[in-house]
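What follows is a single structure, written as structure tokens, with notes after it.
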Amino acid sequence: MPQILVILVVVFGQAIFAATPIFAKVALRDFDPLSLGIVRFVISIILLNAILYARKRPLLPAKSDLKLVLWLGFLAIPANQGMFLLGLKFTSPGHSALLYSLTPLFAYILAIIFLKEKTRLLKFIGIAVAFTGVIIILTDKQIKLEPDFATGDLIIVGGVTAWAAYTVFGKTLVRRAGAFAALTYSMTAGTLMGLPFGFWHTVTFDFSQVSTAAWIGMLFIAVATSGVAYPIWYWALKYMEASRLTVFIFLQPVLANIFSYIFLHEELTRNFLIGGSTVLVGLIISEWIHPLKSTTNQSSSTATG
């Protein structure tokens, strides 16, 4: 498959991720983080397993992959999403977007240590340039140096670390089981891990007080984020190094601001134009070491998604 097509699909997935904190924040007006997480992922795994069954793929992982599946499940749900939703309760979507922009750096370090990826100066420079662009964009109005946000920000950093690890270690399972199966197995395992801690709380939650807007927010992150953006993320791991894929996270604040301009009629400020251009320069620098060529040979040894 041509890499330019892979990149376009990844950008589409990042657009969904860019909208996720906004929809999650709306959902959290009426849901608490625990009940939102449980409802969201129960819906997600039902959807993912139904698709896996329709594709006539095994609904259970191979015994040899079980430990890896459990580890990835923990990283994806209790660690990453648990800390994301809890942290978002105490901080802003802007802070969340900025902190998740650290994922490429964390993932690159983990990939160098555990996957023996080569250390490339251009990649470090590209990550640094793109992260600078994100700071410029978010400094406009979304970043506030307030003590009240400190707890939420620290929790979000924990979620960022988990997401980077989930991406890096997930590449092994993608090679063995295929992208969609790897995602479904890990998400199902993670959801089952979280159920004992939130089941009773969720079934006793007063859903009658949840507004239509909050339900829409929850359904977006359950169906669009978990059912579309997550599969795209693991699918792309068949064609890209983990550290390379995570660099595209820098697009999220750029896309989020564009969405605000289109749908909320917010102004595109000078900081956005400068910061967005800086992000794109960083991505180009990072991509410079990866020629846009067919990925057929690179992915021929992987399982199908």
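The values are calculated or read from the model by the stated rules, or taken from the named source; none is laboratory data. The shown structure was predicted, so the numbers you read here are calculated from the model rather than taken from an experiment. Glycine gets a Cβ as well: all are built from the backbone with ideal geometry, and neighbour counts include every protein chain shown. Ligands, DNA and RNA are stripped out before the accessible areas are found, and what is left, the full protein with its side chains, is counted by its heavy atoms. Shrake-Rupley method; radii C 1.70, N 1.55, O 1.52, S 1.80 Å.
Remarks
- Single residue of V168, V160, V223, V174 found to be among the β-branched types (V, I, T), within 18 Å of the chain's Cα centre (by Cα) and open to solvent by 40 Å² or more (accessible area, probe 1.4 Å): V223
- A Cβ distance below 7 Å, combined with a sequence gap of six or more or placement on separate chains, defines the contacts here; from the stretch 205-225, residues that are under 13 Å from D32 (Cα atoms) reach residues that are of a type in the set (K, R) and loosely packed, with under 15 Cβ neighbours inside 10 Å in the pairs A214/R29.
- In the set (1) surrounded by 23 or more Cβ atoms within 10 Å (Cβ to Cβ); (2) under 17 Å from the mean Cα position of the chain (by Cα), G94 fails one condition alone, (1).
- Test result for F250, closer than 15 Å to T20 by Cα, open to solvent by 20 Å² or more (accessible area, probe 1.4 Å) and within 18 Å of the chain's Cα centre (by Cα): no
- I127 satisfies every condition listed in (1) among the β-branched types (V, I, T); (2) more than 30 Å from L59 (Cα to Cα); (3) exposed (fewer than 15 other Cβ atoms within 10 Å of the Cβ) except (3).
- The set of residues in the stretch 8-49 that are more than 26 Å from G198 (Cα to Cα) and under 16 Å from the mean Cα position of the chain (by Cα) comprises V9, V10, V11, F12, G13, Q14, A15, I16, A18.
- Total residues in the stretch 185-207 satisfying the condition of being farther than 12 Å from F41 by Cβ and either touching an Asp or Glu at 6+ places or on another chain (Cβ under 7 Å) or at pLDDT 95 or above (or both): the figure is 1.
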